[in-house]
1. Only one residue in B:ALA96, B:ALA112, B:ALA133 is buried (at least 22 other Cβ atoms within 10 Å of the Cβ), assigned to a helix (DSSP H, G or I) and touching a residue at least 12 places away in the same chain (Cβ under 8 Å). Which one?
2. Could you check how many residues of segment A:309-367 are assigned to a helix (DSSP H, G or I), among the polar types (S, T, N, Q) and either under 27 Å from B:GLY122 (Cβ atoms) or at the interface with chain B (Cβ under 9 Å from one of its Cβ atoms) (or both)?
3. Just to be sure, is B:ALA332 in contact with a Pro (Cβ under 7 Å, 6 or more places away or on another chain), surrounded by fewer than 18 Cβ atoms within 10 Å (Cβ to Cβ) and either within 30 Å of B:VAL65 (Cα to Cα) or touching a residue at least 12 places away in the same chain (Cβ under 8 Å) (or both)?
4. Can we say A:GLN275 is in contact (Cβ under 8 Å) with a residue 60 or more places away in the chain, within 10 Å of chain B (Cβ to nearest Cβ) and more than 24 Å from A:ASP48 (Cα to Cα)?
5. Given the conditions (1) surrounded by fewer than 24 Cβ atoms within 10 Å (Cβ to Cβ); (2) small (Gly, Ala, Ser); (3) assigned to a helix (DSSP H, G or I); (4) modelled with pLDDT of 95 or more, which single one is not true for A:ALA297?
6. What do you reckon, is B:THR117 within 29 Å of B:TRP220 (Cβ to Cβ) and within 13 Å of chain A (Cβ to nearest Cβ)?
7. Could you grab me the full set of residues in segment A:47-79 that are within 21 Å of the chain's Cα centre (by Cα) and part of a loop (DSSP other than H, G, I, E, B)?
8. Which pairs turn up if I take residues in segment B:54-78 that are more than 7 Å from chain A (Cβ to nearest Cβ) and at negative phi and look for partners that are surrounded by 22 or more Cβ atoms within 10 Å (Cβ to Cβ) and in a loop (DSSP other than H, G, I, E, B) with beta carbon separation below 8 Å, at least 6 apart in sequence or on another chain?
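The values are calculated or read from the model by the stated rules, or taken from the named source; none is laboratory data. The structure presented is a predicted model; accordingly, all values stated were derived computationally and were not measured. With ideal geometry, Cβ positions are generated from the backbone for all residues, glycine too; neighbour counts draw on all protein chains shown.
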Protein chains: 2
Amino acid sequence: MTGRGDGANRRTALRLGLLGAAGALAAPAVVRADTPVIWRMATAWPADAPGLGTAAASIAQTIGVLSGGRLKVEVHPAGVLGPAMQVFDLVSSGAAELGHGSPYYWQARDPAFNFFTGVPFGLTATEHAGWLAVGGGQALWEKAYEPFGVVPFYAGNSGVQAAGWFRREIRTPDDLRGLVIRISGLGGEVMKRLGATPVLLGSTELYAALDSGTIDAAEWIGPWNDLDLRLARVAPFYYMPSFHEIGAALELIVGRKALDGLPDDLRQVIATATQAGAAATTAAFAGGNILAFDRLARENVRVARFPEGVVTALAEASAAVLADLAKASPMATEVHDAFIAFRAQASAYAAASEGPALAWREAAIRR
Amino acid sequence: MTGRGDGANRRTALRLGLLGAAGALAAPAVVRADTPVIWRMATAWPADAPGLGTAAASIAQTIGVLSGGRLKVEVHPAGVLGPAMQVFDLVSSGAAELGHGSPYYWQARDPAFNFFTGVPFGLTATEHAGWLAVGGGQALWEKAYEPFGVVPFYAGNSGVQAAGWFRREIRTPDDLRGLVIRISGLGGEVMKRLGATPVLLGSTELYAALDSGTIDAAEWIGPWNDLDLRLARVAPFYYMPSFHEIGAALELIVGRKALDGLPDDLRQVIATATQAGAAATTAAFAGGNILAFDRLARENVRVARFPEGVVTALAEASAAVLADLAKASPMATEVHDAFIAFRAQASAYAAASEGPALAWREAAIRR
């Protein structure tokens, strides 16, 4: 009990940056060791995926520099240590000390994990970070991963994603029936309930699949990541925003045993490098999407928006999916209830602040 | 020329976290020094100001831990090394190695500085971070501070602020005429053009000033910071959102000479600690405001919104203020043009993404 409580307190202190210099000085043997510790980081991305593989590499590099070379992190792209969808298992088993991915990829371990990426009509990037930091989210996340010996750190957010590239226009909920669409996570579940067929394909497969008509639509991330796929030629309608990922969080995960074996100052190095990476990654997506959206307009991509009737149908199906998710496991019940309560507060605040502020600005600029 | 170019490249590398472990290992003398370097951080806040003084202290502590005690930072609240509004000058002159504040406080040095905090109808927290990271903002910021021997690092954002506490309702632009209002920065300039009288008071002075009728209204930050001031008793209308600070950035500033005297790894420590602090601070404001807004509703504070006619008048006056600001100095011209171009792109993107996403969610929850 004491041991466990201490661990939780230490984790909280680590997260809040409260470990004093004493912690660092308490491990002189490690500080002066000449043989660096080498850790493996399994990632769910190709090494060069913007904001994903590049973010993982950046965190690894920062850890190396800040540790003065005492802790070196070898970054492995998806497929090297294991498939992308097994990063969590690799860290849980100790086959990798670190992982970089997105919580919903491992939702087969516990459906509760979905909430730590994001859910349909969920939280924006900023709100999600706020939920983790002061709304109780981080403690729930740590609790959900604890049975698997995995410790989660927030590593940034894609921001509002796009609904994706469609070969034909979507006018009513009936247009979704029979649609074969590349879409991941809970968004796929929602689409299924409206009669669509969600499929999972990698980004490099999308062009051929849309061109041949194997699939009718495909969502990937947002303008920054999507534009280079050149999908406008084969799927001329680019729908924005998405209903299912208005913020999708990234994570760095660490094996509990590996983390506990480090001196306090190197634990702080990992926490700080990841938190800095979160800021850099969220900013890169935000700025990258803004610049890419401008390019998209200049390239005459047809930007479209789901009409109200379609959004209503998606919202109803999403509510049903969430209601089922809430019953999927005891942990999912606990996280669902906490997430939904915070979402209501976040939405009420956004309706009084960010919402009108954006509308006022848009009107001021158009004047 | 070469020296300056190298400096710029090193700064860019530092910002992007690209300094390799080689940099760290190149300074063994400092790495093993037993006498810590002690730096002074001047701040523009009381030590316990939430998200401000606390954020400065957290960055200082992280620097101490990550440097293994080699670099210790003493944090000085406003008034100790000099007045709050002189933090920039203290760092510029070398009286302090570090400063924590907000760029618009030093706009007397160059009006261009205003853009690095935020301007009326400007950028949200996420957009501002995106502008700095990939939209060219950081390079301009460094250029603007360069003549003063000061290097800026982004340290987070308050998010959408509130328009503040008003003793009476604001129905038309005429209601602003003659209003004595505590409001800072460019927002004050805008109010002045509409016939109000902007004044500057510290947060602890607001209650008495509103109670006695010395002032008619007062903006401070947002729900998280405002609620504890208990102003609802003396100014019953709480207007949200603000028109002038929909995102207000914080900064860590470092004296150029002091920074150049550090080995590369300690420069990386400062950059990473500040970037991590930016993530923590923005999240604390976001979550703190959401929770405080909920409390505010339960405490029956009367939340109000400026009517359209008032917003239009504020937008017109803001455009005039910005047009004048664009002519205020060569640097202000350059930054103004870049900022305005990015704002147009950010606003177009938000109108297609964050705006409808927030509206859809709000409708989905209310169903």
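1. Only one candidate passes the filter, namely B:ALA112.
2. Going through segment A:309-367 one residue at a time, the tally reaches 4.
3. No: the conditions fail for B:ALA332.
4. Details: in contact (Cβ under 8 Å) with a residue 60 or more places away in the chain: yes; within 10 Å of chain B (Cβ to nearest Cβ): yes; more than 24 Å from A:ASP48 (Cα to Cα): no.
Spelling it out, it is not the case that A:GLN275 is in contact (Cβ under 8 Å) with a residue 60 or more places away in the chain, within 10 Å of chain B (Cβ to nearest Cβ) and more than 24 Å from A:ASP48 (Cα to Cα).
5. Single failed check for A:ALA297: (4).
6. Numbers: within 29 Å of B:TRP220 (Cβ to Cβ): yes; within 13 Å of chain A (Cβ to nearest Cβ): no.
Spelling it out, it is not the case that B:THR117 is within 29 Å of B:TRP220 (Cβ to Cβ) and within 13 Å of chain A (Cβ to nearest Cβ).
7. Within segment A:47-79, A:ALA47, A:ASP48, A:ALA49, A:PRO50, A:GLY51, A:LEU52, A:PRO77, A:ALA78, A:GLY79 meet the criteria.
8. Every condition considered, the pairs that remain are B:ALA56/B:TRP45; B:HIS76/B:ALA96; B:PRO77/B:TRP45; B:ALA78/B:ALA44; B:ALA78/B:TRP45.
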